[in-house]
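The values are calculated or read from the model by the stated rules, or taken from the named source; none is laboratory data. Quantities reported herein were computed from a predicted structural model and do not represent experimental measurements. Reconstructed Cβ throughout: ideal geometry from the backbone, glycine too, with neighbour counts over all protein chains shown. For the accessible areas, the whole protein counts, side chains as well, though only heavy atoms, and no ligand, DNA or RNA atoms are used. Shrake-Rupley method; radii C 1.70, N 1.55, O 1.52, S 1.80 Å.
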Amino acid sequence: MELVGSPLTATYAHPRSTPTKFLPAISTMASSYKNRFPYYPLPQSISLPWMPSAYYKTAAINPTLAPFSKSSQGLTPSRMLPFVSNRTTLFTRYTPDDWYRSNLTNYKASETSRHNAERLRVDTSRMIQDKYQQTKKTQVESTKNLGERVNDIEFWKSELCRELDEMIGETNALTDMKKRLERALAETEAPLQVAQECLLHREKRMGIDLVHDDVEKQLFTEVDVIRSCQERMQRYLDKAKAQLASNRAAQHELERDLANKQAAHRIDDKCHHLRNTSDGISYYRGVERVDATISVPESWAKFTDDNILRSQSERAASAKLRDNIENLLVVMANEMWRQFNTVNVAFTNRIAETADAKSKIQTHLAKTLQEIFQIEMNIEAIRKAIRDKGPPLKVAQTRLDERTRRPNVELCRDTAQLRLVNEVHEIDETIQSLQQRLRDAEDTLQMLVRAKSVLEHDLAVKANSLFIDQEKCMGMRKTFPSTVRLVGYV
């Protein structure tokens, strides 16, 4: 049973509505008009502004209960306290300020939505117009670029046609100097074989003599010169007897490039004349992501230019072969003769240097042997000096040991005691210095022995190098084909 004057619980009153600061959600849907005031339970800790604060406080004076009577039996709490239920119902309503604020909120939201919609419509119209102009401008630029591309292809087509006609005319002018080139090429095999065998023999040199000296450089140069001459003669010989095949290769490249240019011209010209109302246009989804290109404008132009330059080079070589073959053979014969003489001079100088080095090595070897003998004598003297320091050390240490047996106060640290201690230290230091000197002498001896071994090995190496250069290599380089044979007359 509730006391009179105290607040009722939720059992006897309607549920509390939301405070004034919790407004209902604003929506344009029909559901927002059906449930105008949704139910939000009011926390008991929140006090309404119009409720007296004393209402929630406990009264200081306890009310006096009426005596229990039969008239109060069977009555419900609501009948007993009707005024409390009415006040509770009053607290569930909104204030007029809440109602006005809710309306203002709805007006502002509606105005904002209309403003955003209007701005979206204006921006959309402007964007559609801008995109139309941009698309139109892009299509015009693409058409212009296609037209320029067609003109570029036409230019290179004309260049290819002109070069192809000249190449076909040059292909028919090759019949001369075939046999002379073949004979001259055959005569270069013997000098090349000699130079290669000299290099092979010189690979048998040992140790430090495997040096990339002037002889080896000149031999490599001789091989390069002979091979260069052979390559040039072979190149001109191939042009003389099979220039038609070389010309056909260049001609094939020109024809293939020309065919590609014609196909590309046909395709680009078709693309250049396509319009929005043309037949045959369609959607090709994802084609803009397919990049099948293998060149750029620079490499594309360079490819055709390289083909034309290659054809011009072939024609120039053919013309030079027909006009200057005689002078070329003479120049190559002079180059090979000049390099042959240079290699012989280098061999002579190297043989003299090797012989001089061999003589000096023999001198140094004799001096090294003498020094080894001297250092061995010195090592023996040091060892004897170390052995001689043994007895004095024993005497000094024995004296010190005996003096330790002096009785009582006689164990005096006198001058004799100090001198004996110093004597032991001096002898120890002397022995240590002699032992260090002995180790230095032994290291020096080992160094001399290694030097002796190196000199002996180097002497054998120099003797082997002299035999290879003087006997084997120079023995093969006594003859060389004559100029008449090198130019192909014999």
**Q.** Checklist (1) touching a Phe, Trp or Tyr at 6+ places or on another chain (Cβ under 9 Å); (2) within 29 Å of Lys136 (Cα to Cα); (3) surrounded by 13 or more Cβ atoms within 10 Å (Cβ to Cβ) applied to Asp257, failing item
**A.** (2)
Q: Please indicate, with yes or no, whether at least one residue in region 280-295 is at pLDDT below 90, under 25 Å from Arg183 (Cβ atoms) and of a type in the set (A, V, I, L, M).
A: no
Q. (1) in contact with a helix residue (DSSP H, G or I) (Cβ under 9 Å, 6 or more places away or on another chain); (2) open to solvent by 70 Å² or more (accessible area, probe 1.4 Å); (3) within 15 Å of Glu376 (Cβ to Cβ): which one isn't true of Met447, the others all being true?
A. (1)
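Yes/no matrix, rows are residues, columns are (1) assigned to a helix (DSSP H, G or I); (2) modelled with pLDDT under 85:
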position	(1), (2)
Ala385	yes, no
Arg405	no, no
Val409	yes, yes
Leu434	yes, no
Arg439	yes, no
Glu442	yes, no
Val449	yes, no
Q.
For region 449-470, give me the residue count where each residue is over 15 Å from Glu203 (Cα atoms) and without any contact (Cβ under 8 Å) to a residue 60 or more places away in the chain.
A. 3
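I'm trying to understand the selection: among the residues of region 281-302, which are hydroxyl-bearing (Ser, Thr, Tyr), surrounded by 10 or more Cβ atoms within 10 Å (Cβ to Cβ) and in a loop (DSSP other than H, G, I, E, B)?
Within region 281-302, the subset hydroxyl-bearing (Ser, Thr, Tyr) is 282-284, 293, 295, 299.
Retained after the next criterion (residues that are surrounded by 10 or more Cβ atoms within 10 Å (Cβ to Cβ)): 295, 299.
Once the filter is applied, which keeps residues that are hydroxyl-bearing (Ser, Thr, Tyr), surrounded by 10 or more Cβ atoms within 10 Å (Cβ to Cβ) and in a loop (DSSP other than H, G, I, E, B), region 281-302 yields only Ser295.
Go through Leu420, Leu400, Leu365 for me and flag whichever is open to solvent by less than 50 Å² (accessible area, probe 1.4 Å) and within 30 Å of Ala460 (Cα to Cα).
Leu365
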Q: Tell me which of these Glu154 doesn't satisfy, since it passes every other one: (1) open to solvent by less than 60 Å² (accessible area, probe 1.4 Å); (2) touching a residue at least 40 places away in the same chain (Cβ under 8 Å).
A: (1)
Q. Of all residues in region 460-489, how many are touching a Lys or Arg at 6+ places or on another chain (Cβ under 7 Å) and surrounded by fewer than 17 Cβ atoms within 10 Å (Cβ to Cβ)?
A. 2
Q: Give the residue, chosen from Glu314, Glu380, that is open to solvent by 50 Å² or more (accessible area, probe 1.4 Å) and assigned to a helix (DSSP H, G or I).
A: Glu380
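Determine whether Val345 is within 21 Å of Phe467 (Cβ to Cβ) and either open to solvent by less than 60 Å² (accessible area, probe 1.4 Å) or among the β-branched types (Val, Ile, Thr) (or both). Don't jump to the end; show me each part of the working.
On the way: within 21 Å of Phe467 (Cβ to Cβ): yes; either open to solvent by less than 60 Å² (accessible area, probe 1.4 Å) or among the β-branched types (Val, Ile, Thr) (or both): yes.
The answer is yes for Val345.
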Q) Can you pull out the residues in region 202-211 that are in a helix (DSSP H, G or I) and buried (at least 16 other Cβ atoms within 10 Å of the Cβ)? A) Arg202, Asp209
Q: Among what's in region 212-234 and is touching a Ser or Thr at 6+ places or on another chain (Cβ under 8 Å) and of a type in the set (A, V, I, L, M, F, W, C), pick the residue that is farthest from Ser465 (Cα to Cα).
A: Met233
